[in-house]
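> Before anything else, here's the structure in question.
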Amino acid sequence: MTGADLLLLALGAVAVGAGVLVVATRHLVRAGLYLVVCLGALAGDYLVLTAELVAWVQVLIYVGAVVVLLLFAVMLTRAPIGASDDLDRPGWPAALIGGGSGLGLAVLLVDAFRWSRVDLPAAGTAERLGEQVFRSWVLPFEVLSVLLLAALVGAIVLSRPDIGRAGADERGRR
């Protein structure tokens, strides 16, 4: 086992641990920060796999934009930041489903590869990746941008109670 393998396993363990903390915590802001750790460890995995462009896209898009958007949405909607009692649900059904899914995927992976070595393709370039993204994946990117814009506008509308109340007050006066 090489040093890269050990680093890959360590970063994977950090990502899984942070992912468990995202789901298990009762503090919404802490869950967002644990998500940053999880996505950062995943970016580290990409760096170990010599996919530098994908790693930096992971950092810029997911860590830099999506998590910030999540935290702004929490703050704009005036959601409770501390521990919330409605998040205190029994965790055994989720643990049972997650553990069963993980075990099933592990069995499928071992059965598919049987610990054989897989030859990796030649390293890609940013030019080839850009061609694939802008030929095959333009529509999903545009749909995602519209979805994120709608979520931001919705958070602003929810955070301003005077927007919805003004129309109702004017109708009541007539």
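The values are calculated or read from the model by the stated rules, or taken from the named source; none is laboratory data. Since we're looking at a predicted model, the values are computed, not measured. Positions of Cβ are backbone-derived with ideal geometry, glycine not excepted, and every protein chain shown enters the neighbour counts. What goes into the accessible areas is simple: the full protein's heavy atoms, side chains included, and nothing from ligands, DNA or RNA. Shrake-Rupley method; radii C 1.70, N 1.55, O 1.52, S 1.80 Å.
> Among the numbered conditions (1) open to solvent by less than 50 Å² (accessible area, probe 1.4 Å); (2) at pLDDT below 90; (3) part of a helix (DSSP H, G or I), tell me where ALA79 comes up short.
Exception for ALA79: condition (3).
> Still on this structure, please answer the following. How about region 1-23: which of its residues are closer than 21 Å to ARG117 by Cβ, open to solvent by 60 Å² or more (accessible area, probe 1.4 Å) and at pLDDT below 90?
Once the filter is applied, which keeps residues that are closer than 21 Å to ARG117 by Cβ, open to solvent by 60 Å² or more (accessible area, probe 1.4 Å) and at pLDDT below 90, region 1-23 yields MET1, THR2, ASP5.
> Now for a separate question. If I ask for residues that are surrounded by 10 or more Cβ atoms within 10 Å (Cβ to Cβ) and in a helix (DSSP H, G or I), which ones from region 129-142 would you list? So that I can check it myself, show each step before the final result.
Of all residues in region 129-142, those surrounded by 10 or more Cβ atoms within 10 Å (Cβ to Cβ) come to 129-134, 137-138, 140-142.
Answer for region 129-142, where residues must be surrounded by 10 or more Cβ atoms within 10 Å (Cβ to Cβ) and in a helix (DSSP H, G or I): LEU129, GLY130, GLU131, GLN132, VAL133, PHE134, VAL138, PRO140, PHE141, GLU142.
> Looking only at region 1-41, count how many residues are in a helix (DSSP H, G or I), within 28 Å of PHE72 (Cα to Cα) and not small (Gly, Ala, Ser).
17
> Sticking with this structure for a sec: For region 30-49, which positions are in contact (Cβ under 8 Å) with a residue 12 or more places away in the chain, open to solvent by less than 40 Å² (accessible area, probe 1.4 Å) and aliphatic (A, V, I, L, M)?
Listed by number, the residues that qualify are LEU39, ALA41, ALA43, VAL48.
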